[in-house]
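Structure first, then comments.
The values are calculated or read from the model by the stated rules, or taken from the named source; none is laboratory data. Model, not experiment: these values are computed from the prediction. No Cβ is skipped: glycine too gets one built from the backbone with ideal geometry, and neighbour counts run over all protein chains shown. Just so you know, the surface numbers come from the protein's heavy atoms only, side chains and all, with ligands and any DNA or RNA stripped out. Shrake-Rupley method; radii C 1.70, N 1.55, O 1.52, S 1.80 Å.
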Amino acid sequence: MIVSTQALFKHAYGRYAVGAYNINNAEQTMGLFRGCMESRAPFIIQISKGARAYTDKRMLEAMIRAAAEIFPDAIFAVHLDHGDEATCMDCIASGFYTSVMIDASHEPFEQNIAITRRVVEAAHAKGIAVEAELGQLGGVEEHVSVSEDKAHLTDPAQVEEFVKKTQCDSLACAIGTSHGAYKFSGSQSIHFEVLEAIQKRLPGFPLVMHGSSSVPQDEVARINAAGGALKGAKGVDETQFKRAAQLGVTKVNIDTDGRLVWCRVHREHFKEHPENFDLRPPGKVFMAEYAKYIAHKNEVLGSAGRLDEVRAALSRR
Ligand code: G3H
Ligand code: 13P
Ligand code: ZN
């Protein structure tokens, strides 16, 4: 069942975070649904601009509709990840997305407000929620690459004005994480003091944490042992998610970890079976391993086991 992102946030706020997982193909979609069903968790499917262009945006929509039929118990929202204004407008017009993210965080403050406001007006007219971003994460995203020296944390002093002027429904905050497999240098970690200051100014308002892959070190070691060259890859400490959830983080974005599972499975498969050339054997292993990863992630986010509570809460509305 496709539900609004805001309904999921309302149930989760202050207690747990909902996993927001990016998909690009059928194997990821199956693994994601299986993992969420095994762990009985609500979830958010994220589609980036790059994912929409990889095969065809209609292919992804059709796969998601099919998955909803295959897994009738699943409760999830469909979200555009890191949209520019044109992509947001396209998703709003499609009627398929329950929320969009407008990422104008690389623009000056006033310009970010103006662009976000335009998207909010179009989205709200169709009952679609909008995630906006203030502050800038490091790493590479779809339409912008941010070097570490340009990345900057969200300024808590700006959040109330930003939310009031844009009327966005959730806020992605830069609190020390970054996109990709190379996060943090040294002992750097999530800036909980910034998150706490933001929550004080926006009590009850859903916050979003991007760049939240944990880059499991056993995955990295296995990839490297099977011919990969990921040196110094590092991610977010997953034991910190529950504390972040208590401070208002209701959505945690994860993409890179899924790519690492994919990479490990395929590297190991073809290393162990150099005579193979069929896509299905490693594809089957990937779906099972990705499902296992997702179920584990939902446990650490606190969303595992919430499905029936969420269903009951939705039916009371
Ligand atoms: O934050 C970006 C997401 O990981 C999406 O990545 O634009 O390569 O699909 P992508
Ligand atoms: P990761 O690169 O840490 O998986 O972050 C994904 C993300 O923020 C998608 O918006
Ligand atoms: Zn992101």
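The table that follows gives values for the structure above.
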| read-out | value |
| --- | --- |
| Checklist (1) out of contact with any Phe, Trp or Tyr (no Cβ under 9 Å at 6 or more places or on another chain); (2) among the hydroxyl-bearing types (Ser, Thr, Tyr); (3) within 16 Å of ligand 3 (Cβ to nearest atom) applied to residue 21, failing item | (1) |
| Test: residue 249 is open to solvent by less than 20 Å² (accessible area, probe 1.4 Å), farther than 24 Å from residue 283 by Cβ, within 16 Å of the chain's Cα centre (by Cα) and at pLDDT 95 or above | yes |
| Tally of residues being assigned to a helix (DSSP H, G or I), more than 16 Å from ligand 2 (Cβ to nearest atom) and small (Gly, Ala, Ser) across the stretch 1-52 | 3 |
| The stretch 62-110 - residue that is within 16 Å of ligand 1 (Cβ to nearest atom) and open to solvent by 30 Å² or more (accessible area, probe 1.4 Å) and, of those, nearest to residue 21 (Cα to Cα) | 63 |
| Residue match in the stretch 42-57 (condition: of a type outside the set (D, E, K, R), surrounded by fewer than 24 Cβ atoms within 10 Å (Cβ to Cβ) and more than 15 Å from ligand 1 (Cβ to nearest atom)) | no |
| Residue selected from the stretch 122-150 under the condition of a type in the set (A, V, I, L, M), within 11 Å of ligand 1 (Cβ to nearest atom) and in a loop (DSSP other than H, G, I, E, B), by the criterion modelled with the lowest pLDDT | 144 |
| Subset tally (residues that are open to solvent by less than 20 Å² (accessible area, probe 1.4 Å), in contact with a Lys or Arg (Cβ under 9 Å, 6 or more places away or on another chain), more than 16 Å from ligand 3 (Cβ to nearest atom) and closer than 21 Å to residue 114 by Cα) for the stretch 164-216 | 1 |
| Qualifying positions in the stretch 217-232 - part of a helix (DSSP H, G or I), surrounded by fewer than 19 Cβ atoms within 10 Å (Cβ to Cβ) and of a type in the set (A, V, I, L, M, F, W, C) | 221, 225 |
| Qualifying residue in the stretch 254-264 (condition: open to solvent by 50 Å² or more (accessible area, probe 1.4 Å) and aromatic (Phe, Trp, Tyr)) | yes |
| Residue count, the stretch 233-245 (criterion: touching a strand residue (DSSP E or B) at 6+ places or on another chain (Cβ under 7 Å) and assigned to a helix (DSSP H, G or I)) | 2 |
| Spans of helices (runs of 4 or more DSSP H) in the stretch 246-317 with at least 1 residues within 16 Å of ligand 1 (Cβ to nearest atom) and touching a helix residue (DSSP H, G or I) at 6+ places or on another chain (Cβ under 9 Å) | 256-272, 280-301 |
| Selection from the stretch 66-110 of residues that are under 19 Å from residue 53 (Cα atoms), among the aliphatic types (A, V, I, L, M), touching a residue at least 12 places away in the same chain (Cβ under 8 Å) and in a helix (DSSP H, G or I) | 89, 92 |
| Any chance residue 159 is open to solvent by less than 60 Å² (accessible area, probe 1.4 Å), away from ligand 1 (no atom under 15 Å from the Cβ), farther than 20 Å from residue 190 by Cβ and modelled with pLDDT of 95 or more | no |
